[in-house]
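Here is the structure we will look at, set down as structure tokens.
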Amino acid sequence: MQTEINRRQSDRGVVDSSSRQPDWPEFWGLFASWTFVLSYIAGAAVTVCVGLGLSKFDGLDYVPRIASLSILRELGPGAAASAAVLSLVSWAHRCGPAQLLLIIRGTLVRAFLGVIAILPVATAIALASSFVTGCGLYGITRSSFVAGAIQTLTPDDCAVGLKVAIASVLLLGPLLRIALPALSRLAWSLPLKLFAVWLGLCTICLVTRLLVSAILGGHTQ
């Protein structure tokens with residue numbers, strides 16, 4: 001009976017004040033889990049792709065530099081931002097539309113501040129995954145991999161990674177402000193919502209890359 005009353009109140013936009021805040025320990029647990037999974041996959045994937053290309057030209061010595069540079073500048077920030085988005089989708093799946101509208105702004109702010117805070121962790125996990133993949137799959141020595149990776153750890157490259165993380169937050173914030181309430185109204189399962197959001201993230205990354213390439217190409221002409 002009480003559950004039915006709460007559901008009716010939620011449908012009318014009446015939400016108990018005690019339920020206006022998300023379960024933050026659960027949310028940060030989701031955030032940490034997604035960060036680990038996405039960062040590890042990103043580090044391993046970029047190392048495999050770079051290694052496959054360079055192995056044809058006996059260029060495996062350059063794998064640590066190229067993979068580490070990609071992780072530092074793009075994949076680390078991308079993994080942190082994607083982890084925040086998927087965590088928000090998982091959290092919003094359990095909220096009613098009325099409750100979500102009351103707390104979404106503060107939740108987005110905290111989540112995206114978390115992106116900046118967890119960026120070094122995401123980058124470190126991706127670098128560790130790259131190290132394991134490069135040494136295990138391509139036989140690169142540990143000393144060679146570490147030496148090559150250290151050459152990319154410059155302040156300028158770290159600054160680029162931070163700028164990419166901030167740009168991702170500024171881009172995704174307004175989109176999620178609209179998308180999360182819309183998703184909460186859908187009767188989709190959580191895996192289907194996560195898959196749809198993942199496709200959306202991939203599309204945004206592709207369009208952004210094309211726009212940047214077009215802008216840079218126009219400036220060089």
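Coordinate-derived values only; no laboratory data. Since this is a predicted model, take the numbers as computed values, not measurements. Positions of Cβ are backbone-derived with ideal geometry, glycine not excepted, and every protein chain shown enters the neighbour counts.
Would you list the membrane-span-like helices of the chain, meaning whole DSSP H runs whose alpha-carbon atoms span at least 20 Å along their axis and whose mean Kyte-Doolittle value is at least -0.5?
Those that clear 20 Å and a mean of -0.5 are 24-55, 76-92, 97-138, 155-185, 190-220.
With the convex hull drawn around the C-alpha atoms of the stretch 112-221, the volume per residue stands at 166 Å³.
With the simple spin-label model, which puts each label point 7 Å out from Cα in the Cβ direction, the residue 32 to residue 178 separation comes to 3.5 nm. Here's the picture: charge each Lys and Arg Cβ at +1 and each Asp and Glu Cβ at -1 in the stretch 22-171, and of 171, 93, 39 the one pushed furthest to the positive end of that dipole is 93. Taking all pairs of distinct Cα atoms, average 1/r, flip it, and tell me the Kirkwood hydrodynamic radius of the stretch 55-101 in Å to one decimal place. About 13.5 Å, per the Kirkwood formula over Cα pairs. Dipole check for the chain: with +1 at the C-beta of Lys and Arg, -1 at the C-beta of Asp and Glu, and the Cα centre as origin, the magnitude is about 520 Debye. Calculated mean residue ellipticity, 222 nm, the chain: -28500 deg cm²/dmol, from DSSP H runs (n ≥ 4) at -39500 (n - 2.57) each, averaged per residue and rounded to 500. Set against the labelled values (1) 20.4, 70; (2) 21.4, 71; (3) 23.6, 99, Rg and Dmax of the Cα atoms in Å computed from this structure falls on (1). Net length available on complete extension from residue 206 to residue 124 is 27.1 nm, with 0.36 nm assigned per residue and the Cα-Cα distance removed.
Taking the charge dipole of the chain about its Cα centre, with +1 at Lys and Arg Cβ atoms and -1 at Asp and Glu Cβ atoms, the residue from 63, 131, 78 reaching farthest to the positive side is 78.
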